[in-house]
């Protein structure tokens, strides 16, 4: 986050520079810091990873982590989860501090998923749909099913029991 030679960003300094709208998750500039950064401008741009970032003193900060600093007075120790899975939604009600294993419970469907359902894949050996879920870095096999819908139902049931941090699923 910060470089070796930079002064750590404090909540007080952040509040001097920006106003954080906790309803829509935007940071608005309070002071002019350059010809391109005017008072009243919404700050930030989209990073290559899909998160909004703001440059402060030549250091890039993720907006969701800045929101935590602004609201709580300190940067989060762990990760920050976007409850709805939308990396651009930095409203306060959509952010929560979490551990990595909890944050992984909120992953969306992978691009290379051929079934269209999380936790479901085709098992060519049995010509059935296989359901599985990760827990404590281990794969739990939930069984083989004749339809991908029935395999997904088994995945959802297991997710509601195992992934207590976020049992909801986005597809």
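The table below gives the values:
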{"item": "Whichever residue in the range 33-43 is touching a residue at least 12 places away in the same chain (Cβ under 8 Å) and in contact with a strand residue (DSSP E or B) (Cβ under 6 Å, 6 or more places away or on another chain) and, among such residues, is surrounded by the most Cβ atoms within 10 Å (Cβ to Cβ)", "result": "43"}
{"item": "Candidate set: the range 64-76, residues that are in contact with a helix residue (DSSP H, G or I) (Cβ under 6 Å, 6 or more places away or on another chain) and part of a loop (DSSP other than H, G, I, E, B); chosen: the one nearest to residue 15 (Cα to Cα)", "result": "73"}
{"item": "Residue 86, sole failed condition from (1) part of a loop (DSSP other than H, G, I, E, B); (2) free of Cβ contacts under 8 Å to residues at least 60 places away in the same chain; (3) more than 10 Å from the chain's Cα centre (by Cα)", "result": "(3)"}
{"item": "Residues located in the range 50-61, provided they are closer than 16 Å to residue 29 by Cα and crowded, with 16+ Cβ neighbours inside 10 Å", "result": "52, 53, 54, 56, 61"}
{"item": "Condition met for residue 46 (in contact (Cβ under 8 Å) with a residue 40 or more places away in the chain and under 19 Å from residue 85 (Cβ atoms))", "result": "yes"}
{"item": "Tally of residues being in a loop (DSSP other than H, G, I, E, B) and modelled with pLDDT of 90 or more across the range 125-151", "result": "5"}
{"item": "Among residues of the range 71-124, those that are crowded, with 17+ Cβ neighbours inside 10 Å, at pLDDT below 90 and over 30 Å from residue 20 (Cβ atoms), counted", "result": "4"}
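The values are calculated or read from the model by the stated rules, or taken from the named source; none is laboratory data. In this text the structure is predicted, and so the values were computed from the model without any measurement. Please note: Cβ atoms are built from the backbone with ideal geometry, for glycine as well, and neighbour counts cover all protein chains shown.
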